1. If you check L383, L343, which single one turns out to be in a helix (DSSP H, G or I) and either under 17 Å from L407 (Cβ atoms) or out of contact with any Cys (no Cβ under 8 Å at 6 or more places or on another chain) (or both)?
2. Is it the case that the stretch 364-372 has a residue that's in contact (Cβ under 8 Å) with a residue 12 or more places away in the chain and assigned to a loop (DSSP other than H, G, I, E, B)?
3. So I294 fits all but one of (1) outside any loop (DSSP other than H, G, I, E, B); (2) closer than 25 Å to T360 by Cβ; what number is the exception?
4. Counting just the residues of the stretch 412-424 that are touching a residue at least 24 places away in the same chain (Cβ under 8 Å) and assigned to a loop (DSSP other than H, G, I, E, B), which one comes out surrounded by the most Cβ atoms within 10 Å (Cβ to Cβ)?
5. Which residues, taken from the stretch 328-353, are over 23 Å from N229 (Cα atoms), surrounded by fewer than 17 Cβ atoms within 10 Å (Cβ to Cβ) and either touching a helix residue (DSSP H, G or I) at 6+ places or on another chain (Cβ under 7 Å) or among the small types (G, A, S) (or both)?
6. Within the stretch 182-203, how many residues are within 22 Å of K315 (Cβ to Cβ), at pLDDT below 80 and among the aliphatic types (A, V, I, L, M)?
7. Could you figure out which of (1) at pLDDT 95 or above; (2) of a type in the set (G, A, S); (3) surrounded by fewer than 16 Cβ atoms within 10 Å (Cβ to Cβ) isn't true of G164?
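The values are calculated or read from the model by the stated rules, or taken from the named source; none is laboratory data. Computed from a prediction, not measured in an experiment: that's the story for all the values here. All Cβ positions, even for glycine, are placed from backbone atoms using ideal geometry, and neighbour counts span all protein chains on display.
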Amino acid sequence: MIYPKNTIAQLIIHVCETKGIETVIISPGSRNAPLSIGFHNNPNIKSLSIVDERSAAFFALGIAQQSKKPVALVCTSGSALLNYYPAIAEAYYSNIPLIILSADRPKHLLNIGDGQTINQKNVFKNHIVMSANLKEDIHSKIDFLLHNFNLVNKTITKCIQENGPVHINIPFDEPLYETTDKAIHFPEIIPFKKTTLLDEEPMDVDELSKFATIWNKSKKKMVLIGVHNPSELVQIQINHILEDESVLVLTETTSNLYNSKIINGIDKLIAPLKHEELSNLKPDILLTFGGMVISKKIKHFLRKYQPKNHWHIGKKNAPDTYHCLTHHFAMSTELFFSQFFFLTKNNRSNFQTTFLTLKTKREKKHLIFLHKAKFSDLKAFDLILKSIPKNYNLQLANSSIVRYSQLFNLDDTLQVYCNRGTSGIDGSTSTAIGAAYASARKTIFITGDISFFYDNNAFWNNYIKNDFRIIILNNSGGGIFRFIPGPKTTNALDFFETTHKLTAEYLCKMHHISYHKATNLGDLNKKLNTFYNHSKKPKLLEIFTPRKRNDSILNEYFKILES
């Protein structure tokens, strides 16, 4: 077997293998050659090559999102490392494990005007769970070896424990390409075992009883769930809590929880409500879990009509999104409900039925409007979501795309994902492609034109599955800036909306993707009928919608809900 001759490179690869790292994404370069050679020749770690570091990092994020395991990234020195930052920030706020392995020049070559050199130490300090700066390998002295070994082991363990990104900065001196057939023997490492529900420490029952008492006395309890990975146990627990008439459960598209008694169209429910109805919706207790919440309307509502108690469940942080947080249950949602349900009882109340009745009325108006709606982003979304086969993974781009999805009921076999940690448009395509690569389920990615073209280097790799499907809603600009108040009142709309005349057709030709387009309802229906059929290469459907009509149709939609 071939190994890099460099001691630090062998050390890092050994620790990664022992800790169960299965995939590494390598971007080409010279300074990182010892790692590239070592990972490539390790039969237990899959090495993938992606040129663009920004795309590579989001691709890795997509793999980690699906596998729930850390993915390593390797790059050369200099500005290459900085291109990882958007994905690192997303991983940090979305609790996704990434291991950043950056090659650096040794100390004597820093700050002397040498090429491809920047100050790399702690460069991600504000969006990382741990940074490690390794010492130089000076004649393989044992103290350097042990220091680096312990630091790498600690850092990768932290990545697994915290479910977040870590950064290991590695000084490599020349020669960089030397290899050997001799493996260095390192101290034994105990493979890290992630804690399970059975390993978690339960909450003190007497302490939890105090909260249960408050819960049992309340007749208006709201459970609000943000971004959440699919979970059979949490689904069962939510089904159970919905048997309590005093509990109203609100979810979003990215919550991945389904039940007919759930309010899954938050904006549809809240937008038309008047003051008296909003007052009735104000809960005594707000219980939240999951990641970021998309709906601005629910945020505005809860900040204005604040509950007396806001409890958040989550192992890590508890964001005070609604400025009324009163307690953080620092534990998994599964364990919390497993304990809490033994102490709670159902309460007679009309809280749930009142707003489920409103939900039904809104849904009828929704269906009537969509049946008559003209060709637009909204109408296209209706047809797209109905066309998706069962058991698909649905990847959504940010901005107006994920917000449109909030207005529709999804098939409960779909699993939905979106980069909501930072809510950026910058790596949605790369993430979706990485996720599709790692998932046994088929994947459909829906995106807007600006997000798509911003990340067009996502296709510059050899790992796109033939069953991967992409749909672009091309409204010739950032359509969301026509919806939100403000931009149209200025004389600088062009700087917000970013109008253009681009099409994905030539990108598809360059990257060997089957290209299809639709410009009207008949065209769209016809293309969707065969879009998911088996193919020998990925397919992309570009839907050209009327830029100046989309916002007026969406405004009409919300007015109909109010009537």
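1. On the way: L343 fails: in a helix (DSSP H, G or I).
Matching residue, one of L383, L343: L383.
2. Checked against the condition, which is being in contact (Cβ under 8 Å) with a residue 12 or more places away in the chain and assigned to a loop (DSSP other than H, G, I, E, B), the stretch 364-372 yields no hits at all.
3. Among (1) outside any loop (DSSP other than H, G, I, E, B); (2) closer than 25 Å to T360 by Cβ, I294 violates only (1).
4. Applying the filter and picking the extreme gives N419.
5. Scanning the stretch 328-353 gives L343, K345.
6. Going through the stretch 182-203 one residue at a time, the tally reaches 2.
7. (3)
Residues checked against (1) of a type outside the set (K, R); (2) in contact with a strand residue (DSSP E or B) (Cβ under 7 Å, 6 or more places away or on another chain); (3) under 23 Å from V223 (Cβ atoms); (4) outside the structural domain of E245 (by TED's automatic domain parsing):
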{"site": "L358", "(1), (2), (3), (4)": "yes, no, yes, yes"}
{"site": "K361", "(1), (2), (3), (4)": "no, no, yes, yes"}
{"site": "K364", "(1), (2), (3), (4)": "no, no, no, yes"}
{"site": "D377", "(1), (2), (3), (4)": "yes, yes, no, yes"}
{"site": "I384", "(1), (2), (3), (4)": "yes, yes, no, yes"}
{"site": "S387", "(1), (2), (3), (4)": "yes, no, no, yes"}
{"site": "N393", "(1), (2), (3), (4)": "yes, yes, no, yes"}
{"site": "S399", "(1), (2), (3), (4)": "yes, yes, no, yes"}
{"site": "Q406", "(1), (2), (3), (4)": "yes, no, yes, yes"}
